[in-house]
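K.L.:
The structure's right below; bear with me while I get my questions together.
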Amino acid sequence: MQVGQLFARCAVPGVISGLVWALCSIADGIFVGNYLGSDSLAAVNLAWPVMTVVMALVDMIAAGSSVRISMHLGSGDVESARRVFSGSVRFIVVISVLFTLFGVFLADPVVRVFGAEGELAEVTAQYIAVFSLFAPVGLLFFATDNYLRICGAVGLSMWINVGVTVLNIGLLALLIGVMGYGTWASAFATGFSVCVGSVVALVPFLRGRYVLTFVRGWMDLRTTARVMYNGISTFFNGVSGSLYMMVANTVLLAIAGNAGVSSFGIIMYVNSVIGSLFFGTASAMQPALSYNHGAGDGHRVRSLSAVMFAVSMAMGVGMCAACILLDDGIVSVFLSDGDSSVAAMAAAGLSIYAFSYLTMWASTEVNQVLAATDLPTYALSVGVTSQLVIPVLLLLPMSEWGVDGVWWSMVLGYAVSAVFAAVMLFLGIRRGIFSAGSPCPPSDPDAFRAPVRTRTYN
């Protein structure tokens, strides 16, 4: 396909999938904030960073295996692609079982370490425990979504995401809006919905409808290490972002109490929608970038990357303007309990945080390009620097200016991160990510064939 046509075919369903998930997150915030109050909103906001640290392991395997699978397919090595696919699914199931044990037995002491006390700590721990019960099946959903896109089933991937979102919102309305259950019902709705999505997404692979089918055996240690290496940037991106949110929540608790955490939670709900535009574009293009990289078509990788950057920059400008103009209206969607202090703090914060969208896209898109072209350490440096190192270094001193100082530290952090991302992209170009030549021939050691041993006799 022409580059523009390929971008539209991959990116549009990917962005829609990201948007519906973000809208699901928004709906969760609306139901929790309006029916259960700002304290419950604070509990959910405290729970997700803790959960994301563990879930980042699943994302690491999903992202790393997606890069390897796409590169193997690009080089014509279908058998290796199938083995990576099968071994990665089994690996994710093992990690998910461990996540269940963590959620049930360790959630309460962990959330208390980060400053939660009393009823807030109990509700947060309960939320994590309920969600973790669905993990062994539910967390596969976030990997199968990648594998469907690799197989070209971008439309099916999108519709499954839409279906899971509709189911999730329906359960929220029933359990919280109608039946009046507490914060744990939000975790139940999300966990049950993704379980259903996982089962539906696995059916085509089990029936052998796509090039990726299940084969016997586990990945060997070398291949497993390679998958983890390719996914390490995704893992540390998730961990870094969650660690930063934990630090920010702790700082805001000290400065403004539960109101500060609730305000941050509202801003992050809005950010989940806008961030999904950038991340949805980047993740949707990963199979195409990795496939063409594996096939040695660096010029096509460059063209796809250029379109990604241009579209993302335009979206960033538009979203910045929208948040500044509609800050009060957006915040009012989440609160109806008359807590004017939280509403005012969140609206002021959103109008400041909106400027981050002018540069946020840069680190997100560059990170994905570097990861997709087999430069995970470069992607790792961009992710950790933009998600944790720079934001924390700015957060702590700028928090002396109060809550507004916290919001401005995030804006400045993304601007500095964009400059760093540009430098790493330049280094990646020097390494040849936009040059011709196949980096992944069929004889790649990752091809699951025993190495040929030769012996020389003197």
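Since every read-out is calculated from the coordinates, none of them should be taken as a lab result. Just so you know, these numbers come straight off a predicted model, no measurement behind them. Because the Cβ atoms are built from the backbone with ideal geometry, glycine has one as well, and the counts that use them run over all protein chains shown.
K.L.:
From Cα pairs below 8 angstrom and at least 6 apart in sequence, can you work out the relative contact order of the chain, rounded to a whole percent?
P.N.:
The normalised contact order for the chain reaches 25 percent.
K.L.:
So, in nm, how far is label Ala254 from label Asp220 when the simple model puts each one 7 Å beyond its Cα toward the Cβ?
P.N.:
Label at Ala254, label at Asp220, 5.1 nm between them.
K.L.:
By how many nm would the segment from Glu122 to Leu98 grow when fully extended, if each residue of separation counts as 0.36 nm and the alpha-carbon distance is taken off?
P.N.:
Contour length minus the Cα-Cα distance gives 6.5 nm.
K.L.:
Still on this model: With a cap of 14 neighbouring Cβ atoms within 10 Å, and only residues DSSP puts in a loop, list the GluC sites (Glu not before Pro) found in region 82-183.
P.N.:
The qualifying sites are Glu117.
K.L.:
What are the ³J(HN,Hα) couplings of region 396-409, residue after residue, when phi is run through the Karplus curve with 6.51, -1.76, 1.60 and θ = phi - 60°? Round to Hz, x for glycine and proline.
P.N.:
Listing the rounded values in order: 4, x, 6, 5, 5, 8, x, 4, 4, x, 5, 5, 5, 5 Hz.
K.L.:
Can you pull out the trypsin sites (Lys or Arg not before Pro) in region 106-209 that DSSP calls coil and that have at most 12 other Cβ atoms within 10 Å?
P.N.:
Within region 106-209, the qualifying trypsin sites (Lys or Arg not before Pro) (loop, at most 12 other Cβ atoms within 10 Å) are Arg207.
K.L.:
With just the Cα atoms defining each centre, how far is region 263-307 from region 75-143? Give it in Å.
P.N.:
Rounded to whole Å, the Cα centres lie 24 Å apart.
K.L.:
Could you give the length gained by full extension between Ile429 and Val178, i.e. 0.36 nm per residue of separation minus their alpha carbon distance, to one decimal place?
P.N.:
Fully extending the segment from Ile429 to Val178 adds 84.8 nm.
K.L.:
Turning to a different aspect of this structure: Using every alpha carbon pair in the chain, what percent of pairs falls into each 10 Å bin from 0 up to the bin containing the largest distance?
P.N.:
Final binned percentages: 4, 21, 32, 26, 12, 3, 1, 0, 0.
K.L.:
For Ala314, put the label point 7 Å out on the Cα→Cβ axis and report which residues of region 253-295 keep their amide N under 17 Å from it.
P.N.:
Under cut-off, by backbone N: 277-282.
K.L.:
Between Asp108 and Tyr210, what is the label-point separation in nm under the 7 Å Cα-to-beta-carbon projection?
P.N.:
4.1 nm
K.L.:
For the peptides 409-415, 381-387, 96-102, what is the packing order when you average, over each peptide's residues, the other Cβ atoms within 10 Å and list the highest mean first?
P.N.:
381-387, 409-415, 96-102
K.L.:
Let me ask something additional. Ranking request for peptides 310-316, 390-396, 193-199: highest mean number of other beta-carbon atoms within 10 Å first, then the rest in descending order.
P.N.:
Ranked by mean Cβ neighbours within 10 Å, highest first: 193-199, 390-396, 310-316.
K.L.:
Region 1-81: Rg/Rh from Cα coordinates, Kirkwood Rh?
P.N.:
In region 1-81, Rg relative to Rh is 1.16.
K.L.:
A further question follows. Could you give the length gained by full extension between Trp401 and Arg302, i.e. 0.36 nm per residue of separation minus their alpha carbon distance, to one decimal place?
P.N.:
31.4 nm
K.L.:
Sequence-distant or interchain residues sharing an amide H contact under 5 Å with Ile433, placed H: which?
P.N.:
Long-range HN contacts for Ile433: none found.
K.L.:
Could you compute Rg(Cα) / (2.2 N^0.38 Å) for region 11-152, with N its residue count?
P.N.:
Here the answer is 1.23, to two decimals.
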